[in-house]
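Asker: Pasting a structure here, questions to come.
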Amino acid sequence: MKAKQNPSEKIGIAKFWGWQARAISMGSMVIILGYLQIYCTDTLGLNAAIVGTIMLVSKIVDAFTDLVAGLIIDNTHTKLGKARPYELALFPLWICTWLLFSCPEGFGTTAKYIWVFFMYVFVNSIFATALYSNQTAYMLRAFDTNEKIVKVNSYGGIVVTLGCAEHNVLCGRKRMETSLSALSSFATKVGQGLGSVVIGSILTAFGYDGTAVAQSASAILGIKLCFSFIPAAAYLLIAILCMVYKLDGVLAKKRAEGAAKAKAEA
């Protein structure tokens, strides 16, 4: 027999899909940005290794702005709340994403590199950072139970961040959920930057030429390495790390200790 859902755990359809619309928008942006390196090499005729280096530098800038944004949002107090004002960053985010893929045709090679760098910084380091950093704080205030958060959440990393924040509270520390989210984003973006450099360097080393009518056998091998074998190895490593993940067990132990302590003090 199917268990009845606790009414307090139900999420309205409008609220659920309203929140998912934000997630879909951000997810769409990530997919679009996945084509940036191809746009730079095949359309703008830029060097893959240099493009990868530009993306790494912008990601390093982005990683530090994540930490700053986390501290700013944790100390934000407005009539609209702590996290809601930063939702407005969604509009300039899409404008800058469009501009990123709209480099003027008359620009020289150096100007194209500069355009890509600054537009990429605007997209990731400023506007996407504001949206990603405010997400955990916004979610905690929009949904009053962990069950609702898990139901509506599309990003597994947020659930992990909430677990870390709860661990802080159980250990008598400040929750600092936004700063923890920013730290997670910091690590993610440094990894993305390094990945861009690796991909660009491999493609360049194997002779990839975005302006060529047909790629050489060596370039095709480089493409296969970048988009098949190396990602497969990375996912295998992630699966192994997930198997040794210990936070759930630690939280259960801390909750039990907290309940026992409260019972003893009662």
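Taken together, the values in this text are just the output of simple stated rules run on the coordinates, not laboratory data. Since the structure is predicted, the reported quantities are computational estimates derived from the model, not experimental observations. Don't worry about glycine lacking a Cβ; one is built from the backbone with ideal geometry, like all the others, and counts go over all protein chains shown.
Asker: How do 208-214, 33-39, 130-136 rank on mean C-beta neighbours within 10 Å, highest first?
Answerer: Numbers: 208-214: 13.4, 33-39: 15.6, 130-136: 26.0.
Peptide ranking by packing, descending: 130-136, 33-39, 208-214.
Asker: Next question. Of the cross-linked pairs K82/K253; K79/K189; K148/K253; K112/K189; K59/K112, which ones have a Cα-Cα span greater than 25 Å in the structure shown? Spell out each step's value before the answer.
Answerer: On the way: K82/K253 31 Å; K79/K189 31 Å; K148/K253 22 Å; K112/K189 23 Å; K59/K112 18 Å.
Among K82/K253; K79/K189; K148/K253; K112/K189; K59/K112, the Cα-Cα distance tops 25 Å for K82/K253; K79/K189.
Asker: What does the net charge come to around S196 if you take all other residues with beta carbon closer than 14 Å to its beta carbon, with K and R at +1 and D and E at -1?
Answerer: Details: positive: K59, K189; negative: D62.
Neighbour charge sum, excluding S196 itself: +1.
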